[in-house]
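Novice: Have a look at the structure that comes next, please.
Please treat every number below as a calculation from the coordinates, not as lab data. Bear in mind that the values here come from a model prediction, so they are computed numbers and not experimental data. So basically every Cβ, Gly included, is an ideal-geometry build from the backbone, and we count neighbours across all protein chains shown.
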Amino acid sequence: MCGIFGSIGGQTLEPSRVERAMSSLAHRGPDSRDTVSLPGVCLGHTLLSIIGDSPIPQPIRSLDGRGALVFNGEIYNYLELMEDDAVLRDICRRRERSDSVVLVEGLRLYGDEFLQRLNGMFAFAYHDLDTGSTTLVRDRLGIKPLFYSRVEGGMVFASETRTVRLLTGLPFQPDPEGFYSYLRFRYPIMSRSFDRRIRQLMPGHLLRVAADGEETAVRWWTNLSAGGFGGSYEDALSEVEALLHSAIELRMRSDHDFSTFLSGGLDSSVLATVASRNKERLDTYSIGICGAEEFDESAFAHKVVEQLGTHHHPYMLGPEEFADQHLAMVAELEEPLGVPNQVAIKVLSRGISETHRVVLSGEGADEIFAGYGRIFLLPHDWELIGHNRGATAGVREKLERRYGKSMPESFMDLFFQRYGYTPHEYAVEALRPWIGSVDGEALRESVEGDVRRLHDALDADTPFNRMLLLFQNLHLPGLLYRVDAATMAHSVEARVPFLDHRLVEFVNTLPIEYKVRPIRPLSELTGLVADEISEVHDIPKVMLKDIGRKMLPLQIVERRKMGFPIPSSFYSQGHPEGAVDYKMWTQRNLELLAEAV
């Protein structure tokens, strides 16, 4: 786990600029740091050592000296890659044991084709001295971040946007579309960032820069289709259980002690249970929020701890510490935060870092197993609206209460209304102090247009599975960036077993009924809207719950999904206690950002 940065082509970076960039990533890699200058490229790296007999500094060269790599992440199946390939095994055995060695040698031998063999999370830059080309690569689902900016004659890249700015020497310049996207949907979506000069490499993509500066973008992994499985539920459940166990066990590979988050919810409880079966003494961590006792899950976490016998570390976060850490995080990232619980994850990661370098986390379970029932059921509400099945006055009243008297004119209009955390009008007005005069409709057309095109490109057997794919491509990268930023602020590597690509690919083939089990058919529920159906007339994440029943108390498995809210009084002085108010949350973040930049 590391921080990476560098330049491709263009002018030679000043040593002072390189040093500032490297120092800005020290929290991502406290063990060692180094740079290498090669013809046409400079590569820099800060190391957090996780796998290997001893820390292996990067940039790392291939055995023949013709390939150079800076790499952030983990290749979990690096041992299998060697075992299955005699040529790769022979080369790697002459070097230190490390996944970075396997990666650089595999890329040297097989080029881009080697990416398909990797099971891991990664963002890296690989330079081929034979061709003079440099390739930036991001993992399939966007677990690890990678940002870049085009400069005169070339490009710079880094794990964080503020490091990119240090490399370019250019000040923060707000991106209207990035901020609009944040205000509406909590994160800059697709390739956007908060800075108009900086883009993020999309998940599952690579960007090759030739020696002459010509760029080639390639999507090396796609996640655009769902459906096709023809087996029974029992067959599917058996395969899912095997893949999940394999994913967790692979992510337990570490030469430093690891831990797990344990909130008391289904996802983290399953992870902790499987991990505890493969580790004699497992440390688990949870955090509670002072003043949010109605959302306190500590009693459920304690039940799991009692059953597993883990060494549990509960933390409580109060308003003063929250305010201090919120300010610190915005200043460190030079970005607004997407959700308040990002601060809580940062505080918890600080505690974990005192004894551990690795933590297992449950991100992705909702996106692949259909945990957001109310929004995944939007196709049902669209049928009520579009086909006038809700002709009775009672149903019309429910729809109008949720969507307004002027009903959405298309399914995607319905989606944006439900998915958006603040309305379009608020986002445009909140932008003015940052951007000045803005064309709100142009912003909406650009940002929403990308989402519409993504939705149209999806190939799913049902509208419900299409919603899952949309969330995996649109929503998930923002959640993963949140976890990466919060944990790596304190040199902690978060691993996400539910996003093992083998598990994601298989679950996406399954019919929606294998993920959300109907208690009553939707055809019998025409008098109800999505809010009234979810977790009442269906069972979301049913496969994960069936796996959980084999290992957890029923009280953990069968309880309703609970969020992780922070009282709005924590970030809005004088505001009464309550669930997250995203208008107030974004306003506070923009205030803190103005102070930071």
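Novice: Starting from 0.36 nm per residue, how many nanometres of slack lie between Glu332 and Leu454 once their C-alpha separation is accounted for? Write down the numbers at each step before the final one.
Specialist: Values: separation 122, 0.36 × 122 = 43.92 nm, distance 3.23 nm.
Length gained between Glu332 and Leu454: 40.7 nm.
Novice: Just the Cα atoms of the chain: what Rg and Dmax do they give in Å?
Specialist: Reported Rg and Dmax, both Å: 23.8, 76.
Novice: Charges at C-beta only: +1 for Lys and Arg, -1 for Asp and Glu. How large is the resulting dipole of the chain about its Cα centre, in Debye rounded to 20? Please report the intermediate quantities before stating the final value.
Specialist: Details: 64 positive and 85 negative charges, 16 e Å.
Approximately 80 debye in magnitude.
Novice: Right, next: What list of ³J(HN,Hα) couplings, whole Hz, do you get for region 213-224 from phi and the Karplus terms 6.51, -1.76, 1.60, once you set θ to phi - 60° and write x for glycine and proline?
Specialist: x, 5, 9, 10, 9, 9, 8, 8, 9, 10, 9, 10
Novice: Semi-axes of the equivalent ellipsoid of region 124-216: what are they in whole Å, largest first, if each equals the square root of 5 times a C-alpha gyration tensor eigenvalue?
Specialist: On the way: eigenvalues 115, 51, 20 Å².
Semi-axis lengths for region 124-216 are 24, 16, 10 Å.
Novice: Turning to a different aspect of this structure: Using θ = phi - 60° and the Karplus curve 6.51 cos²θ - 1.76 cosθ + 1.60, what whole-Hz ³J(HN,Hα) does each residue of region 423-440 get, with Gly and Pro shown as x?
Specialist: x, 4, 4, 5, 4, 5, 5, 5, 6, 4, x, 8, 9, x, 5, 10, 9, x
Novice: What residues have an amide H closer than 5 Å to that of Asp538, excluding those fewer than 5 places away on the same chain, when H is modeled at 1.01 Å from N in the peptide plane?
Specialist: Excluding prolines and chain starts, which carry no amide H, the hits are Ile519.
Novice: So what is the 222 nm mean residue ellipticity for the chain from helices alone, if each DSSP H run of at least 4 adds -39500 (n - 2.57) and you divide by all residues, rounding to the nearest 500 deg cm²/dmol? Write out the running numbers ahead of the final one.
Specialist: On the way: 25 runs with 253 residues, N = 597.
Computed mean residue ellipticity for the chain: -12500 deg cm²/dmol.
Novice: How far, in degrees from 0 to 90, does helix 463-474 lean away from the longest principal axis of the Cα atoms of the chain, to the nearest 10?
Specialist: With both axes taken from Cα atoms, the answer is about 40 degrees.
Novice: Could you list which residues have their amide H under 5 Å from that of Ser225, counting only those 5 or more apart in sequence or on another chain, with H placed in the peptide plane?
Specialist: For Ser225, the qualifying residues are Asp459.
Novice: What is the order of Glu334, Glu249, fewest Cβ neighbours within 10 Å to most?
Specialist: On the way: Glu334 18, Glu249 15.
Fewest-to-most Cβ neighbours within 10 Å comes out as Glu249, Glu334.
Novice: I'd like the distance between the alpha-carbon centres of region 185-231 and region 1-38, rounded to an integer number of Å.
Specialist: Computed from Cα coordinates, the inter-centre distance equals 23 Å.
Novice: What is the fewest-to-most order of Lys550, Lys515 by other Cβ atoms lying within 10 Å of their Cβ? Could you put the intermediate results ahead of the total?
Specialist: Working: Lys550 10, Lys515 25.
So the residues, fewest neighbours to most, are Lys550, Lys515.
Novice: Which values of log₁₀ I(q)/I(0), to two decimal places, follow from the Debye formula for region 73-148 at q = 0.25, 0.26 Å⁻¹ with a uniform point scatterer at every Cα?
Specialist: Debye intensities relative to I(0), on a log10 scale: -1.26, -1.33.
Novice: Computed over the Cα atoms of region 1-152, what is the ratio Rg over Rh, Rh following Kirkwood? Display every interim value, and only then the final one.
Specialist: On the way: Rg = 14.7 Å, Rh = 15.6 Å.
Answer for region 1-152: 0.94.
Novice: Report the one residue of Pro55, Pro145, Ser100 whose Cα lies farthest in the direction of the positive end of the charge dipole of region 2-219 (charges on C-beta: Lys and Arg +1, Asp and Glu -1; origin at the Cα centre).
Specialist: Final value for the positive-end residue is Pro145.
Novice: Now for a separate question. Which lysines, if any, have their Cα less than 22 Å from the Cα of Lys303, not counting same-chain residues under 8 positions apart?
Specialist: Hits, sequence-local ones excluded: Lys279, Lys541, Lys545, Lys550, Lys561.
Novice: Taking region 495-597 as the region of interest, what is the percent of Cα-Cα pairs per 10 angstrom bin, listed from the shortest bin to the one with the maximum distance?
Specialist: For region 495-597, the binned pair fractions read 12, 25, 26, 25, 12, 1 percent.
Novice: Once phi is turned into θ = phi - 60°, what whole-Hz ³J(HN,Hα) does the Karplus curve with 6.51, -1.76 and 1.60 give for every residue of region 339-351, x standing for Gly and Pro?
Specialist: 9, x, 5, 4, 5, 4, 5, 5, 4, 5, 5, 4, x
Novice: As a footprinting exposure proxy, order Thr509, Thr163 by other Cβ within 10 Å, with the fewest listed first. Mind dumping the intermediate values first?
Specialist: Numbers: Thr509 18, Thr163 26.
Fewest-to-most ranking of Thr509, Thr163: Thr509, Thr163.
Novice: Quick one: grab Rg to one decimal and Dmax as a whole number for region 356-477, Cα atoms only, in Å.
Specialist: Using the Cα atoms of region 356-477, the pair Rg, Dmax is 17.2, 58 Å.
Novice: Considering only C-alpha atoms, what is the centroid distance from region 241-261 to region 392-447, in Å?
Specialist: Using only Cα atoms to place each centre, the spacing works out to 41 Å.
Novice: Provide the convex hull volume over Cα atoms per residue for region 260-392, in Å³. Can you show the working numbers first?
Specialist: Details: hull volume 23.1 nm³, N = 133.
In region 260-392, the Cα hull volume divided by residue count equals 174 Å³.
Novice: Based on alpha-carbon centroids, what's the gap between region 466-481 and region 304-363 in Å, whole number please?
Specialist: Their Cα centres are 22 Å away from one another.
Novice: So which trypsin sites (Lys or Arg not before Pro) in region 366-434 are both in a DSSP loop and have at most 14 other Cβ atoms within 10 Å of their Cβ?
Specialist: Details: sites: Arg374, Arg389, Arg396, Lys398, Arg401, Arg402, Lys405, Arg418; in loops: Arg389, Lys405.
Those satisfying the criteria are Arg389, Lys405.
Novice: Please state the charge dipole magnitude for region 155-224, taken about the Cα centre, from unit charges on C-beta atoms (+1 on K and R, -1 on D and E), reported in debye and rounded to the nearest 20. Don't skip to the end; give the middle numbers.
Specialist: Working: 10 positive and 7 negative charges, 60 e Å.
Approximately 280 debye in magnitude.
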